[in-house]
Every structure is written in C-alpha cells, then in structure tokens.
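Working notes for the structure below.
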Amino acid sequence: KEIQGQVASFPITTPAELEQFRIAYVGRKGVIGDLFDALKTVPQDERKALGAELNTLKNFAQTRFNEFQALLENQHTNGSAQAPLDLTLPTIPNELGSRHPLSIVRNRIIEIFERIGFNVSEGPEIEDDWHNFTALNFPENHPARDMQDTFFIEKNPDIALRTHTSSVQVRLMETQKPPIRSLMPGRVFRNEAISARAHCIFHQVEGLYVNTDVSFADLKQTLYHFAKEMFAKDIKIRFRPSFFPFTEPSAEIDISCLICKGKGCNICKYTGWVEIGGSGMVDPNVLENCGIDSQKYTGFAFGMGIERITMLAYQIKDLRLFTENDIRFLRQFSQLS
Ligand code: PHE
C-alpha cells in the first residue's frame with residue numbers, strides 16, 4: 001500500500017525524473033523487483049494472494065511509466081504539451097528559383113522575331129565539317145576557318161563542336177523549301193581564353209530569311225525593328241562593311257550606345273557605337289550548296305551573341321558572371337521573366 005502511494009505520487013515532469021522513476025519502480029532491481037524476490041520467504045499459503053497484489057502494483061507502475069513517457073515525447077516534438085497548434089506562425093520560406101538572364105534575353109529576342117513571322121529552329125552542338133564550314137563556303141585550308149578557333153572532336157573526317165549556329169541554317173535550307181523565315185538560338189564553342197569579354201562557350205541567335213526578292217533593305221529594316229524593340233525606341237543602327245565567307249555583301253551591325261546616347265563613354269570606347277553582331281546577304285554558293293536555286297531566291301542572314309546583348313541590356317561588365325552561378329547575381333533577375 002505504501003509503495004503504491006509512492007508510485008502514484010512520484011513527480012515526473014522531466015526525462016531525468018522519468019528515468020529515476022523507472023529505476024526505482026519499474027526496473028528488475030527496483031523496490032517492486034525486491035518485493036518479488038522477497039516472495040520466496042512468504043509462507044506457501046499466502047504466496048499466491050500476495051503475488052497477485054504485487055502483479056497489480058507492478059502493472060500500475062508500468063502503466064504510469066508508459067503514460068509519462070508518451071507525454072514527454074509529445075512535449076518534445078510539439079514544443080509544449082499544452083500549446084495548441086498556432087496557425088498564425090509564419091511558415092518556413094520556400095525559395096523559388098529565377099530564370100537565368102541569358103534565358104530571359106533569348107526569350108525576349110525570340111518573342112520579337114516571332115511577331116514578324118520567324119519560327120525557331122535548333123540543331124546539334126556536335127557538327128560535321130560540312131554543316132559548320134564547307135557548305136557555308138569556307139574553302140578547305142582557307143584562313144577564314146581560323147577566324148573561329150575550333151574544338152575538334154575527330155579529324156578526317158572532321159567532327160567538331162559547332163563554332164556558330166549558322167550550321168542550323170544549312171540544315172534548314174537542305175530540308176525546307178523557301179520561304180524560310182527562322183531564328184536559330186543555341187550554344188556555340190570556340191577555343192578562346194576566358195576573360196571578362198570572351199568565353200569558350202557562349203550563345204548566339206542567328207536569323208535566316210530566304211524568299212524571292214529578299215533585299216539588303218529588308219535586312220536593314222528587320223534589324224532596325226529588332227533594335228528598337230529590344231533596346232529603345234530612339235536607338236540608331238549602322239552597318240559597317242565586313243567579311244563572312246557565307247554572306248555577300250557582309251556587314252557588322254552596330255547600335256548607338258545606350259549609356260551615353262552616342263556622346264561617348266567607356267562602354268562604347270568613346271565611339272558612340274557598340275557592335276551587336278554580323279549580317280549579310282546569303283552567298284549564292286551557300287544557297288546552291290543547300291539545294292536552293294540561287295537564280296530564283298535570295299536571302300539574308302544575321303548572327304548575334306546573346307551574352308553581348310544581355311550585357312548591353314543590363315549593363316553587366318563581366319561575362320564570367322553568367323557561368324559562375326553566384327546566387328546574388330542571379331537573384332537580381334527574379335522579377336523579370
Ligand atoms: N556566323 C557568324 C559568326 O558566328 C555571324 C553571322 C551570321 C554573320 C550570319 C553573318 C550572317 O561570327
């Protein structure tokens with residue numbers, strides 16, 4: 001009776017007290033265990049009744065132990081046994097990623113050209129010599145091939161990482177009949193040292209329009225439209241004579257500097273102009289190489305670096321930021337899509 005009283009009133013509020021209780025009353029070596037041992041000394045005729053009482057006591061202690069053990073565990077996981085679920089507590093923040101600035105700009109460029117009837121084409125990043133060079137009018141062993149330092153995968157026959165997305169133009173013209181009006185975004189590779197202004201992996205968007213009566217005026221007006229939509233309504237555009245094996249005539253595309261509006265600053269090296277890409281009328285040889293009648297059709301093509309456009313649009317000074325995955329840099333674009 002006395003021990004039953006002790007078991008009932010033993011204070012259990014902490015895990016340490018629960019352990020003390022276990023050792024004192026539940027364990028084999030506790031008070032109740034001792035009483036069971038003492039049962040041997042009790043005369044035979046009283047032993048059965050006493051044994052039954054001891055069992056009741058033992059179960060009572062075990063039940064109390066189980067109850068408090070469950071209670072303490074519950075407190076541990078819920079903070080407090082009494083505290084009701086608080087629905088006003090703030091949740092654990094669930095962070096969303098953001099689109100990469102290069103993807104934002106690529107999508108924007110695609111949007112602008114889609115609205116004037118261009119579709120989007122893609123091709124393989126590993127190319128053969130024909131699609132990357134020969135069909136584009138790069139003669140074999142011609143120094144023009146050195147303009148684009150190439151990562152070769154195999155020699156004879158040559159397999160390489162594409163140096164420009166012009167290879168996709170070839171694939172399109174080989175498989176489709178004019179009119180062709182397509183935009184070709186993608187990753188390109190050149191064996192160049194990595195710096196703030198150059199990388200060995202970068203992105204281009206090229207465009208191709210082949211139809212009857214396509215003229216240089218169409219090329220100029222298309223790119224002027226693009227520059228206005230992409231950068232600013234009051235932008236100016238200029239074409240500088242240049243050379244590419246696959247276009248004739250060829251021109252470099254410049255836009256007026258967005259920072260100084262043509263007055264001169266260090267972004268445009270005090271010229272008032274910044275280059276955004278190359279362009280030209282598709283060389284008749286290229287059309288013929290791809291099975292398109294150059295007497296009947298003409299075309300224009302252009303190519304721009306997505307990194308370059310992004311740097312101009314957001315005034316980013318170091319191209320390496322695009323591939324470093326620094327979350328402080330990337331997070332700044334989370335409000336854009
Ligand atoms: N393919 C050229 C380059 O990567 C760019 C270009 C494309 C020039 C189309 C003219 C016409 O440098």
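The values are calculated or read from the model by the stated rules, or taken from the named source; none is laboratory data. The model shown is predicted, which means the values in this text are computed figures rather than measured ones. In this analysis, Cβ positions are derived from the backbone assuming ideal geometry, glycine residues included, and neighbour counts consider all displayed protein chains.
Considering the range 267-301, the residues that are farther than 15 Å from N137 by Cβ and in contact with a helix residue (DSSP H, G or I) (Cβ under 7 Å, 6 or more places away or on another chain) include one that is surrounded by the fewest Cβ atoms within 10 Å (Cβ to Cβ), namely V274. For the range 158-194, a residue qualifies if it is in contact (Cβ under 8 Å) with a residue 24 or more places away in the chain, in a helix (DSSP H, G or I) and not charged (D, E, K, R), and the qualifying residues are S166, S167, V168, Q169, V170, L172, M173. Contact map, the range 33-44: residues that are touching a residue at least 24 places away in the same chain (Cβ under 8 Å) and assigned to a helix (DSSP H, G or I) paired with residues that are surrounded by 13 or more Cβ atoms within 10 Å (Cβ to Cβ) and among the charged types (D, E, K, R), Cβ distance under 9 Å, separation 6+ or inter-chain. Pairs shown: L35/K58.
Scanning the range 290-303 for any residue that is touching a residue at least 60 places away in the same chain (Cβ under 8 Å), among the polar types (S, T, N, Q) and more than 22 Å from S182 (Cα to Cα) turns up nothing. Out of L136, L102, which single residue is within 22 Å of V210 (Cβ to Cβ) and in contact with an Asp or Glu (Cβ under 9 Å, 6 or more places away or on another chain)? Of L136, L102, the one residue that is within 22 Å of V210 (Cβ to Cβ) and in contact with an Asp or Glu (Cβ under 9 Å, 6 or more places away or on another chain) is L136. The single condition among (1) closer than 26 Å to F133 by Cβ; (2) surrounded by 18 or more Cβ atoms within 10 Å (Cβ to Cβ) that Q176 does not satisfy is (2).
Considering each of F202, F138 in turn, give the residue that is of a type outside the set (D, E), surrounded by 14 or more Cβ atoms within 10 Å (Cβ to Cβ), in a loop (DSSP other than H, G, I, E, B) and within 13 Å of the ligand (Cβ to nearest atom). One residue alone meets the criteria, F138. Can you name the residue in the range 286-303 that is among the polar types (S, T, N, Q) and part of a loop (DSSP other than H, G, I, E, B) and, of all such residues, is nearest to the ligand (Cβ to nearest atom)? Taking the candidates together, the pick is S294. Mind checking whether some residue in the range 206-221 is in contact with a Pro (Cβ under 7 Å, 6 or more places away or on another chain) and either over 21 Å from L136 (Cβ atoms) or among the β-branched types (V, I, T) (or both)? Yes, some residue in the range 206-221 is in contact with a Pro (Cβ under 7 Å, 6 or more places away or on another chain) and either over 21 Å from L136 (Cβ atoms) or among the β-branched types (V, I, T) (or both). Taking the conditions (1) within 14 Å of the ligand (Cβ to nearest atom); (2) farther than 16 Å from V286 by Cβ; (3) at pLDDT below 95 in turn, P185 satisfies each one other than (3).
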